[in-house]
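Reading through the structure tokens given below for one structure.
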Ligand code: PLP
């Protein structure tokens, strides 16, 4: 272990709150799908900052956009007009594909908070104060602040922090009957991830999503998609809902919006967005010019380089290879995923051991719980990198 890594581990143990169990590696540089540690060792990144660097590390267009903007103006707040923010909002509305408005924040959690507030504001103006309930899915993940945690359908993450804000109901994913029973006149919104990420990469059934859309229309309830992890071409299209063929009223993005800088965006159909009035919501840094410049460059490059098509093609190849691996080893319970958001679920609780051994071989992988390996590489990942991953999996799986 290098002296720098030893120092980092010691400082971390002494001075950080112990909210993360970090892996023993000190990354100092990245390029595309490659990461380099402090001793110059190269790793292939199959996590991409937990799905936050879809374009790959240090993409030249994003680096240049940030450098240019930060050298001129970093921050003046949302009280004034700045460059890039409005153009970015227009770009996002164009991707959304119908008249809509955008609110910028700094993270996925904040985007969830914004979505919850907007839905409640809309519900109250529509049917009065009792219309504030939001139905979400069991096993979902929407963030760590109190309302986002209340929306999250994972009791183990919630219990220590009660009481949480009330008004959230959780139903099993892909169970229309349960959803129908939970949506009533007090409900303002249904909130879903098109593919559950932190919960273990569980895609919604497209027929279920279509039925949810119909239910929301019939009962005058908003359909909100949390696309923090699925969005920005990770599932093949700008928004995963375009792949599933189901349009939401509200959608939000974060993670890869500015390819690794903190950014979030809440996008709502115009008449829904107009429920918010001045003073209802805000953010000091949201949509600041540096992050907005990065996000514009990121959106442009993702499209110019057709990384959505690549995510679809490589994702199919990856799932095929993982299924072969399952047949060869008998170690696999299930292979799941859409585009470049994939999971390998083992029969046995070996995922953390596999991820650790893979790191030793220069592959960065993420385990969820004990049995699931999540594979979320930058979208430029190709067959060669997938083959390298599979070679390592055959070698390290016990
Ligand atoms: N929503 C989803 C679907 C996520 O995957 C995450 C983070 O993993 C969040 C919200 C929270 O985002 P952040 O960590 O940027 O606050």
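Worth a mention:
- Hey, residue 318 surrounded by 15 or more Cβ atoms within 10 Å (Cβ to Cβ), at pLDDT 95 or above and under 19 Å from residue 36 (Cα atoms) or not: no
- Matching residues, the stretch 213-266, being buried (at least 24 other Cβ atoms within 10 Å of the Cβ), in a helix (DSSP H, G or I) and over 13 Å from the mean Cα position of the chain (by Cα): 241, 244
- Of all residues in the stretch 192-207 being more than 16 Å from the ligand (Cβ to nearest atom) and touching a residue at least 12 places away in the same chain (Cβ under 8 Å), the one that is nearest to residue 247 (Cα to Cα): 206
- Helices (runs of 4 or more DSSP H) completely within the stretch 109-191 that count 2 or more residues being in the same structural domain as residue 282 (by TED's automatic domain parsing), under 18 Å from residue 202 (Cα atoms) and within 16 Å of the ligand (Cβ to nearest atom): none
- Cβ-Cβ contacts under 6 Å between residues 6 or more apart (or on different chains), taken from a first residue in the stretch 220-239 that is closer than 20 Å to residue 113 by Cα to a second residue that is part of a loop (DSSP other than H, G, I, E, B) and within 11 Å of the ligand (Cβ to nearest atom), are listed as 225/194; 226/142; 226/193; 228/254; 229/197; 230/194; 239/227; 239/231.
- If the condition is being within 25 Å of residue 184 (Cα to Cα), out of contact with any helix residue (DSSP H, G or I) (no Cβ under 6 Å at 6 or more places or on another chain) and more than 8 Å from the ligand (Cβ to nearest atom), then the stretch 220-235 contributes 220, 221.
- Scope the stretch 361-394; condition in a helix (DSSP H, G or I) and touching a residue at least 12 places away in the same chain (Cβ under 8 Å); matching residues: 383, 385, 386, 387, 388, 389, 390, 392, 393, 394
- Residues satisfying the stated conditions in the stretch 335-351, i.e. crowded, with 18+ Cβ neighbours inside 10 Å and free of Cβ contacts under 8 Å to residues at least 24 places away in the same chain: 335, 351
The values are calculated or read from the model by the stated rules, or taken from the named source; none is laboratory data. Everything numeric in this text was worked out from a predicted model, so none of it was measured. Positions of Cβ are generated from backbone atoms using ideal geometry, with glycine treated the same way; all protein chains shown enter the neighbour counts.
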